[in-house]
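K.L.:
Attaching a single structure in structure tokens format; questions to follow.
The numbers here are math on the coordinates, done by the rules we state, and not lab data. Predicted model only: the values in this text are computed from it and were never measured. Cβ placement follows ideal geometry from the backbone for every residue including glycine, while neighbour counts extend to all protein chains displayed.
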Amino acid sequence: MAVTGTVSSVQMVLLFQDGVDGKGNVKLAKKVYKNVAKTAKPEDVYEVAEALADLQMLSLAGVQHIIANDLAE
């Protein structure tokens, strides 16, 4: 059984440090950018994320490049 995957959507998620909770754990806030080009390379996504993070008040804690695939036989 051969399964093929087709990219259905791509998102970029920026994670920001948003303080500390009562237990001392770092709280994270996130900003999701949908409709990222399906052909975007991880390096390009990260470069854009860094540029957008420079416009924010909070410190960038991480970047996620989420690729969703539709699977079919």
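K.L.:
When the Karplus curve 6.51 cos²θ - 1.76 cosθ + 1.60 is applied with θ = phi - 60°, which whole-Hz ³J(HN,Hα) does each residue of region 32-41 get, with x for Gly and Pro?
P.N.:
Karplus-based 3J(HN,Hα) across region 32-41 equals 9, 10, 8, 6, 5, 4, 5, 9, 5, 7 Hz.
K.L.:
Here's another thing I want to ask about it. Determine ³J(HN,Hα), in whole Hz, for all residues of region 20-26 in sequence, where each value follows from phi through the Karplus function 6.51 cos²θ - 1.76 cosθ + 1.60 and θ = phi - 60°; x replaces Gly and Pro.
P.N.:
After applying 6.51 cos²θ - 1.76 cosθ + 1.60, I find 10, 7, x, 9, x, 7, 5 Hz.
K.L.:
Which whole-Hz ³J(HN,Hα) couplings does region 56-67 yield from phi under the Karplus relation 6.51 cos²θ - 1.76 cosθ + 1.60, θ = phi - 60°, glycine and proline marked x?
P.N.:
Computed from phi, the couplings for region 56-67 are 9, 7, 8, 7, 6, 9, x, 10, 10, 10, 9, 10 Hz.
K.L.:
Another question, if that's okay. Once amide H atoms are placed 1.01 Å from N in the peptide plane, what residues at a sequence separation of 5 or more from S9, or on another chain, have their amide H within under 5 Å of its amide H?
P.N.:
Long-range HN contacts for S9: A68.
K.L.:
Using alpha carbons only, how many degrees (0 to 90, rounded to 10) separate the axis of helix 42-53 from the longest principal axis of the chain?
P.N.:
Between the helix axis and the principal axis of the chain, the angle is about 30 degrees.
K.L.:
Turning to a different aspect of this structure: Counting other beta carbons within 10 Å of each residue's own, what order do L60, L55, L71 fall into, fewest first? Please report the intermediate quantities before stating the final value.
P.N.:
Details: L60 15, L55 6, L71 9.
By the 10 Å Cβ count, ascending, the order reads L55, L71, L60.
K.L.:
At most 11 other C-beta atoms within 10 Å and a DSSP loop state: those are the exposed trypsin sites (Lys or Arg not before Pro) I care about. Give me the longest piece of the chain that has none.
P.N.:
The reported range is 39-73.
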